[in-house]
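A.B. asks: Have a look at this one before I ask anything.
Please treat every number below as a calculation from the coordinates, not as lab data. As the structure is a computational prediction, the values presented were derived from the model and not from experiment. Reconstructed Cβ throughout: ideal geometry from the backbone, glycine too, with neighbour counts over all protein chains shown.
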Amino acid sequence: MKKLLARRKHHGWSWAELSRRCGLPEWKLHWWRRRLAGTRRVRRSRRGFLPVQVVDAARRDSPPVELVTASGVRILVPDNFDADHLKRVLEALEPAC
């Protein structure tokens, strides 16, 4: 399989071209590439528990809340945010698969 994947790289073939030439489906070729590279795809749940720090709401000099999405995007949210707008922003950044 290493030789087959090396041929693809050497000849500049697309995954579809390699699939056609060797008779294996593309998904299997990608699987082998990840396996030989020693990497695994990590499946993440779209929903999960996130740590939340509760602060005194009466403090107005506090910095905005910082949200970090599963993909690492950081969002600073002021205390006077619109919840519906924030929800739309989060859905746009983390679309469902």
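A.B. asks: Can you tell me the FRET efficiency between VAL65 and ARG34 if r is taken as the Cβ-Cβ distance and R0 is 41 Å, rounded to the nearest 0.05? Spell out each step's value before the answer.
C.D. replies: Numbers: r = 37 Å, r/R0 = 0.90.
After rounding, the FRET efficiency stands at 0.65.
A.B. asks: What list of ³J(HN,Hα) values in whole Hz, one per residue of region 4-20 in order, does the Karplus curve 6.51 cos²θ - 1.76 cosθ + 1.60 (θ = phi - 60°) give from phi, with Gly and Pro shown as x?
C.D. replies: Along region 4-20, the couplings run 4, 5, 5, 4, 4, 5, 4, 8, x, 6, 6, 5, 5, 5, 4, 4, 5 Hz.
A.B. asks: For LEU86 and ARG7, compute 0.36 nm times the residue count separating them, minus their Cα-Cα distance, and round to one decimal in nm.
C.D. replies: Difference between extended and current length: 23.6 nm.
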